[in-house]
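J.: Dropping the structure in here first, questions after.
The values are calculated or read from the model by the stated rules, or taken from the named source; none is laboratory data. Nothing here was measured: the structure is a model prediction, and the numbers come from that model. Because the Cβ atoms are built from the backbone with ideal geometry, glycine has one as well, and the counts that use them run over all protein chains shown.
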Amino acid sequence: MRVLMMTDLEGVSGVVTFRDHSYPDGRYYERSMRLLTAEVNAAVEGLLEEGATDVLVIDGHGSGGIWFEDLHPKARLLHGRLSADTLMPDDAGTYDVAMIIGQHAMAGVERGNLNHTQSSKNVEYYKLNGRLIGEIAQFALYTGALEIPMIFLSGDDAACREADELIPGITTVSVKEGLGRNSAISLSAFEARRRIGEGVKNAVVNHRKSPVAPLKWQGPYVLEKRFFHTDTADRACAMPGVERVDSQTVRLHSDNVLEIIYA
């Protein structure tokens, strides 16, 4: 079993504010990286106990979220960026299952701790074919187009609800209860890791008994992005094929979700 593991920083227990925890100049940023890496390691250990032969961890936090020296010795890490397209490995389609550790809810979700979509500073919302989406749907639809089911997610309770509504049969583990965008009640780090390890094992067992289907939506696809500021929309319009809707909104069109979902 080969596993593609996306990660993010804002859905980790103990990480609750942008300023202090998830921005690279935050006073607790390095501590947050170590908290994420420990949750990733708990997930890797659970996967190995259930027979995983290869776990590729993707560092999905923009400024980097994995503390490399602490990463589980059996995991491999994809990190750094050449472009948005390099978020996934070239051989992504050869993996058997996908999952996310440390995920937050999409932008605008009430009480979703650290909720945002791609950019916490610039994006008001993303819509795909008229439906609001966040980073959970982006990854699930990308892997789904490659016939890879997303079987597990950990994060705050709002992210877990988002995943449950999106992907029938997924196993989720909440490691904190969001009280607001910069406030939450977190499990202890040790309890969060214990639940993630058990949750990952349950996800594999459940998937073997009743396989989770890869997430797929019918095309053609229209991705609408609305930004907080006009200059961000100005920059987005520099991309080929982008339609300007209004001063803060752009749309992209494609028949292939793989071409558009991370554009």
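J.: Which residues, taken from the range 25-60, are crowded, with 19+ Cβ neighbours inside 10 Å, of a type in the set (Gly, Ala, Ser) and farther than 19 Å from THR143 by Cβ?
T.: Selection gives SER32, ALA38, ALA42, GLY46.
J.: Quick one: in the range 154-174, of everything that is of a type in the set (A, V, I, L, M, F, W, C) and not in a loop (DSSP other than H, G, I, E, B), which residue is farthest from VAL204 (Cα to Cα)?
T.: The residue in question is ALA158.
J.: Whether any residue in the range 175-183 is over 19 Å from the mean Cα position of the chain (by Cα), touching a residue at least 40 places away in the same chain (Cβ under 8 Å) and in a helix (DSSP H, G or I) is what I want to check.
T.: Within the range 175-183 (the criterion being over 19 Å from the mean Cα position of the chain (by Cα), touching a residue at least 40 places away in the same chain (Cβ under 8 Å) and in a helix (DSSP H, G or I)), the answer is no, since none of the residues qualifies.
J.: For ASN129, indicate whether it is surrounded by fewer than 17 Cβ atoms within 10 Å (Cβ to Cβ), polar (S, T, N, Q) and at pLDDT 95 or above.
T.: yes
J.: On to the next question. What are the residues in the range 192-217 that are farther than 16 Å from ALA98 by Cα and without any contact (Cβ under 8 Å) to a residue 12 or more places away in the chain, if any? Walk me through how you get there before you give the answer.
T.: Kept after step one, since they are farther than 16 Å from ALA98 by Cα, are these residues of the range 192-217: 192-195, 198, 209, 217.
Within the range 192-217, just LYS209 meets the criteria.
J.: Give the residues of the range 4-22 that are surrounded by fewer than 24 Cβ atoms within 10 Å (Cβ to Cβ) and out of contact with any helix residue (DSSP H, G or I) (no Cβ under 7 Å at 6 or more places or on another chain), sorted by residue number.
T.: Listed by number, the residues that qualify are THR17, PHE18, ARG19, ASP20.
J.: Please work out which one of (1) more than 15 Å from LEU4 (Cα to Cα); (2) outside any loop (DSSP other than H, G, I, E, B) is the condition PRO24 fails and give its number.
T.: The failed condition is (2).
J.: Of all residues being of a type in the set (A, V, I, L, M, F, W, C), part of a helix (DSSP H, G or I) and modelled with pLDDT of 95 or more in the range 225-257, which is farthest from LEU146 (Cα to Cα)? Just the residue, please.
T.: ALA233
J.: Could I ask something else about it? Could you list, ordered by first residue, the pairs with Cβ atoms under 6 Å in which the first is in the range 143-164 and over 23 Å from LEU114 (Cβ atoms) and the second is in a helix (DSSP H, G or I) and among the hydrophobic types (A, V, I, L, M, F, W, C), at least 6 apart or interchain?
T.: Matching pairs, first to second residue: ALA145/VAL257; ALA145/LEU258; LEU146/ALA92; ILE151/ALA203.
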